[in-house]
């Protein structure tokens with residue numbers, strides 16, 4: 001009997017992740033495996049180890065006409081953003097690249113210069129990697145980090161009544177080129193976990209609606225957005241702010257009292273700015289319509 005199989009394009013990126021997750025055994029020591037911004041692993045009495053990885057491919061995440069330093073920055077910065085979303089600090093990275101044989105060596109050097117500059121800015125040490133020949137440029141970064149056990153934040157803790165916040169304006173990242181120049185929100189994330197208690201957090205790589213959907217699925221909750229309050233970059237439509245992706249702002253939830261305390265703090269300080277955009281509800285069917293980026 002011949003076995004039939006669905007194509008990847010029929011189930012999409014997140015359907016593929018769910019299918020693969022079922023095949024991957026999780027050892028007893030793993031705190032958090034597939035399904036969050038980073039894996040959470042045992043480390044010591046007071047901290048967890050964080051591990052994340054992102055792969056960037058020519059023609060999907062960048063083109064060869066884009067500044068190579070920006071490509072290098074993005075390759076590392078999107079991983080730093082994942083560590084920030086877990087409440088942690090990045091530490092060590094390994095970088096693997098696939099390059100065509102006719103690619104100028106200076107192009108590759110400039111990619112690494114972009115990564116090294118970002119690594120220095122965020123206290124990351126690049127400690128190794130691998131190189132292979134490939135038809136198109138591929139850059140993969142794996143990044144380690146650490147987080148205090150008391151400060152760990154995952155996608156699965158949102159509670160009904162929580163306020164939903166984002167850390168900055170959204171939309172138009174790819175068209176404007178901001179996806180090669182964004183600043184990972186490590187500072188705001190550390191401020192939040194040290195001064196408040198976020199119930200859930202994620203970085204916005206696939207769009208506000210889509211990434212909020214990941215929090216709602218993990219938390220078994222619903223959400224109601226105040227569309228007039230969603231911050232947008234100049235010239236960006238609401239649909240773009242909801243669905244474009246590649247913004248790498250943080251999306252997080254806080255209980256009502258802490259949310260009000262954060263807004264009181266914000267009225268007095270100008271260090272960071274946080275935008276309330278909605279609330280978490282108990283109705284799991286209450287979700288924004290997501291048309292976020294998918295690879296398939």
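Summary of values
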item: Residue 57, sole failed condition from (1) touching a residue at least 60 places away in the same chain (Cβ under 8 Å); (2) surrounded by fewer than 16 Cβ atoms within 10 Å (Cβ to Cβ); (3) assigned to a loop (DSSP other than H, G, I, E, B); result: (3)
item: Number of the exception - residue 121 against (1) surrounded by fewer than 15 Cβ atoms within 10 Å (Cβ to Cβ); (2) out of contact with any strand residue (DSSP E or B) (no Cβ under 7 Å at 6 or more places or on another chain); result: (1)
item: From 165, 182, residue being within 16 Å of the chain's Cα centre (by Cα) and in a strand (DSSP E or B); result: 165
item: Subset of region 217-257 [more than 23 Å from residue 179 (Cα to Cα) and outside any helix (DSSP H, G or I)]; result: 220, 221, 222, 223, 224, 225, 226, 253, 254, 255
item: Test result for residue 130, surrounded by fewer than 21 Cβ atoms within 10 Å (Cβ to Cβ) and outside any strand (DSSP E or B); result: no
item: Residues of region 63-94 satisfying the condition of being in a strand (DSSP E or B) and surrounded by 23 or more Cβ atoms within 10 Å (Cβ to Cβ); result: 90, 93
item: Residue within region 139-152 that is in contact with a helix residue (DSSP H, G or I) (Cβ under 6 Å, 6 or more places away or on another chain) and assigned to a loop (DSSP other than H, G, I, E, B) present; result: no
item: Flag if residue 211 is assigned to a loop (DSSP other than H, G, I, E, B) and within 12 Å of residue 37 (Cβ to Cβ); result: no
item: Test: residue in region 265-273 that is part of a loop (DSSP other than H, G, I, E, B), surrounded by 16 or more Cβ atoms within 10 Å (Cβ to Cβ) and within 21 Å of the chain's Cα centre (by Cα); result: yes
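Results for (1) modelled with pLDDT under 95; (2) more than 18 Å from the chain's Cα centre (by Cα), shown as yes or no for each residue.
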position	(1), (2)
202	no, no
212	no, no
221	no, yes
228	no, yes
236	no, yes
244	yes, no
249	no, no
254	no, yes
259	no, yes
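The values are calculated or read from the model by the stated rules, or taken from the named source; none is laboratory data. All of these numbers come straight from a predicted model, not from anything done at the bench. Quick reminder, even Gly has a Cβ in these numbers, built from the backbone with ideal geometry, and neighbours come from all protein chains shown.
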